[in-house]
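Novice: Take this structure first; my questions come after.
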Amino acid sequence: MSRSAVNRTILAVTGLALLVGGLAVLAGGLDLYHRLDVTMPHGWPLTKTYQPVLSDAERHNWSDRDWWWPVAIAVPALVVAGALWWLYTQLRRTGPGTVTVPVPDGDGTALRLRTRALADAVETEAVALPDVEKVSVTVVGTARRPSVRAALRLVPGGGVGDVVDALDAGPLENARTSLGLDALPAELRLKVSARRRRAGPKPPRVV
């Protein structure tokens, strides 16, 4: 799963939990259950105005158990550690933001290309190759020595060797030439699709 997909999943789950909790607190604070004559199940929290989240009995129910305080400390600590780890992964950059493109007779002029644009260009060419169904490309390394990580999903029965050769001679070679590099290392992850694609031309990829 890509980092963007993980981010969307975490934000969606967190947002849903906060929304449900906020609506429960709002409904209890506004006494909506009583006004709407709605009977909630036994033990449902915050059903009355000014009702605390945890009653005195609930707060002291397990405090005399040996496992209570370790769990009460460990769970919030894990939540905080997970939140800090997620924040660190967002701030940590896995690759350069831009790469240098040589300018013929530029008299020292430097042209910077965003790595996302480079990845999109490689993806656009790679997905048009025979037997390739889907491509995801990420540029890593440094601005002076970039490298490529590509995940390719092939159609059932596709020739792996032919796809690798076509990728190296086509999209990767074009990227090397455009960047003026002698070498552009590439790490490939290949996967074969579980379903057979319908015959017909590939739809154009919109970037």
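The values are calculated or read from the model by the stated rules, or taken from the named source; none is laboratory data. Bear in mind that the values here come from a model prediction, so they are computed numbers and not experimental data. Cβ placement follows ideal geometry from the backbone for every residue including glycine, while neighbour counts extend to all protein chains displayed. Please note that ligands, DNA and RNA were not included when accessible areas were found on the heavy atoms of the full protein model with its side chains. Shrake-Rupley method; radii C 1.70, N 1.55, O 1.52, S 1.80 Å.
Novice: When ligands, DNA and RNA are left out and all protein chains stay put, how many square angstrom of accessible area per residue does the chain have with a 1.4 Å probe? Intermediate results must be reported in sequence, preceding the final value.
Specialist: Working: 15130 Å² over 207 residues.
Result: 73 Å² of accessible area for each residue.
Novice: Here is a follow-up. Using helices alone, I'd like the mean residue ellipticity at 222 nm for the chain: each DSSP H run of four-plus residues gives -39500 (n - 2.57), total over residue count, nearest 500.
Specialist: Calculated from helices alone, the mean residue ellipticity at 222 nm is -13000 deg cm²/dmol.
Novice: A further question follows. In the Gaussian network model of the chain, springs joining C-alpha atoms below 10 Å, which of 178, 63, 147 carries the largest mean-square fluctuation?
Specialist: Highest fluctuation of the listed residues: 63.
Novice: Applying a 10 Å radius around every beta-carbon, put 149-162, 23-36 in order of their mean neighbour count, most first.
Specialist: Details: 149-162: 15.4, 23-36: 13.4.
Descending packing order for the listed peptides: 149-162, 23-36.
Novice: Using 0.36 nm times the number of residues separating residue 19 and residue 42, minus their current alpha carbon distance, what extension gain do you get?
Specialist: That works out to 6.1 nm of additional length.
Novice: Could you point to the label whose value was computed as P(r) over Cα pairs in 5 Å bins from 0, in percent for the structure here, given (1) 1, 7, 16, 21, 21, 17, 10, 5, 1, 0, 0; (2) 1, 6, 11, 14, 15, 14, 12, 9, 7, 5, 3, 1, 1, 0; (3) 1, 6, 9, 11, 10, 10, 9, 8, 6, 5, 8, 7, 5, 3, 1, 0, 0?
Specialist: Identified label for the calculated read-out: (3).
Novice: Only helices at least 24 Å long along their own axis, judged from Cα atoms, and with Kyte-Doolittle mean hydropathy of 1.0 or greater: name those in the chain from DSSP H.
Specialist: Taking the DSSP H segments of the chain (at least 24 Å long, mean hydropathy at least 1.0), we get 3-29, 68-91.
Novice: Additional query: Could you state the orientation-averaged shadow area of the convex hull built on the Cα atoms of the range 75-185, in nm² to one decimal?
Specialist: Averaging across all directions leaves 9.7 nm² for the Cα convex hull.
Novice: On to the next question. Ignoring ligands, DNA and RNA, what percent of the 1.4 Å accessible area of the chain is carbon and sulfur?
Specialist: For the chain, the apolar C and S fraction of the accessible surface comes to 61 percent.
Novice: Same structure, new question: Taking R0 as 25 Å, what FRET efficiency do you get between residue 50 and residue 79 from their Cβ-Cβ distance, rounded to the nearest 0.05?
Specialist: Here the calculated transfer efficiency is 0.35.
Novice: Could you pull out every residue, at least 5 positions away or on a different chain, whose amide H is within less than 5 Å of the one on residue 141? Hs are placed 1.01 Å off N in the peptide plane, and Pro or chain starts have none.
Specialist: The answer is 147.
Novice: With all protein chains present, calculate the accessible area of residue 140 using a 1.4 Å probe and round the result to the nearest 10 Å².
Specialist: Residue 140 exposes around 10 Å² with every protein chain in place.
Novice: Suppose we keep just the DSSP beta bridges with both residues in the chain; what percent of those would be antiparallel, to 5? List each step's numbers first, then the result.
Specialist: On the way: 13 of 20 bridges.
The antiparallel proportion sits near 65 percent.
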